[in-house]
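The values are calculated or read from the model by the stated rules, or taken from the named source; none is laboratory data. Just so we're clear, the structure is a prediction, and the values are computed from it rather than from any experiment. Here the Cβ positions follow ideal geometry from the backbone for every residue, glycine too, while neighbour counts run over all protein chains shown.
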Ligand SMILES: NC(=O)c1ccc[n+]([C@@H]2O[C@H](COP(=O)([O-])OP(=O)(O)OC[C@H]3O[C@@H](n4cnc5c(N)ncnc54)[C@H](O)[C@@H]3O)[C@@H](O)[C@H]2O)c1
Ligand SMILES: [Zn+2]
């Protein structure tokens, strides 16, 4: 074990590029990174972007090989991509789609010893910018974080593509990004180790805060615009907050209870079919409860996330206050050794976490009723 003093550190992608039509620049911006790309995208995504990516690579004189992708970033999916990298002799791997394909591609690039590029086609998570992947079982339960020595060399987001996608993806990304500040501020108080492998910096913490402020100001108009597939300045800001600010903010600012609770929730089959950001939002509300945050702050968070369209009750993630056994399993997974919940300024134990989770149902219903907001609609896992 090292006896040296801990360091404060910030890590980031080599380049972040965002804008309407940015996909047409993919070939040009990938060329300095590698000359033999392997592109990984599922058939839905390839149906949306295949022509543009093909044209952009042709313009840059880059050869194109595209492989498909399944549903989850599993160990097997990672191995399959790594094997294909070796087979085609690729020197850069490009993940195009949501957080799952991007995570699988990052892990495969690392395994194969080549560089990697993220092309998110939705602003649904802060996966594209980070130097880590979240690995799942074939059933979609959280297995492990894998950390890499560097971030993607390029993250490229086409804002029009993001605005064309169903709005639920942007909503999920807002949920993932709101958690970033709630977690980073907890980590800043404990000075715990972040996902970047050091203590938090002013920079990481401030970016997490900036993400929160940008969302509080722009999320509602951006969601309204994306419903109509429009790109407005608010949409651009929310895409940047969800993808870049939240990415840098969570990685170099640190994760705490909200994401550990998300990981715990993946152990409950009732939550399958929900997006990452939806489950994270339950984690955020629960973290606020565990912290004993000011009541007005919890109220504001419940009201805002209801307006955004995020779940803040158990009902909306397919659970009830009676599911004590399931919630105990969730709490056990969330408090497992190595989980980021241990970055909180106090010890979180299973019984307290189960009660905090059960408590959000009644309080969120009350807040929503007081504010004239709709009652929660039950989620049914498929
Ligand atoms: N590594 C990290 O730092 C990090 C951070 C946050 C989340 N994550 C991970 O990200 C994953 C969740 O990612 P996700 O929520 O993006 O879901 P996803 O990647 O699992 O699924 C996205 C789905 O949307 C479809 N899709 C993509 N672009 C589309 C478009 N433009 N229009 C229509 N459909 C489109 C895809 O075909 C796919 O079915 C989880 O595994 C989570 O752990 C990782
Ligand atoms: Zn997340």
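Every listed requirement among (1) part of a loop (DSSP other than H, G, I, E, B); (2) modelled with pLDDT of 95 or more is met by residue 27 save one, (1). Among the residues of the range 158-169, write down those that are in contact (Cβ under 8 Å) with a residue 24 or more places away in the chain and within 11 Å of ligand 1 (Cβ to nearest atom). Listed by number, the residues that qualify are 158, 160, 161, 162, 163, 164, 165, 167, 168, 169. Of 140, 98, all but one fail to be modelled with pLDDT under 95 and within 16 Å of ligand 2 (Cβ to nearest atom); the exception is 140. Quick one: is residue 172 within 7 Å of ligand 1 (Cβ to nearest atom), outside the structural domain of residue 20 (by the TED database), buried (at least 24 other Cβ atoms within 10 Å of the Cβ) and under 17 Å from the mean Cα position of the chain (by Cα)? When the stated conditions are applied, residue 172 passes them. If you go through the range 186-214 and keep only what is in contact (Cβ under 8 Å) with a residue 12 or more places away in the chain, more than 16 Å from ligand 2 (Cβ to nearest atom) and assigned to a helix (DSSP H, G or I), you end up with 188, 189, 190, 203, 205, 209, 210, 214.
No other residue among 103, 51 is within 16 Å of ligand 1 (Cβ to nearest atom) and under 29 Å from residue 274 (Cβ atoms) apart from 103. Each residue in the range 3-18 was checked for being in a loop (DSSP other than H, G, I, E, B) and in contact (Cβ under 8 Å) with a residue 40 or more places away in the chain, and 8 of them qualify. Taking the criterion of being over 24 Å from residue 144 (Cα atoms) and surrounded by 14 or more Cβ atoms within 10 Å (Cβ to Cβ), the residues of the range 61-85 that qualify are 62, 64, 65, 66, 67.
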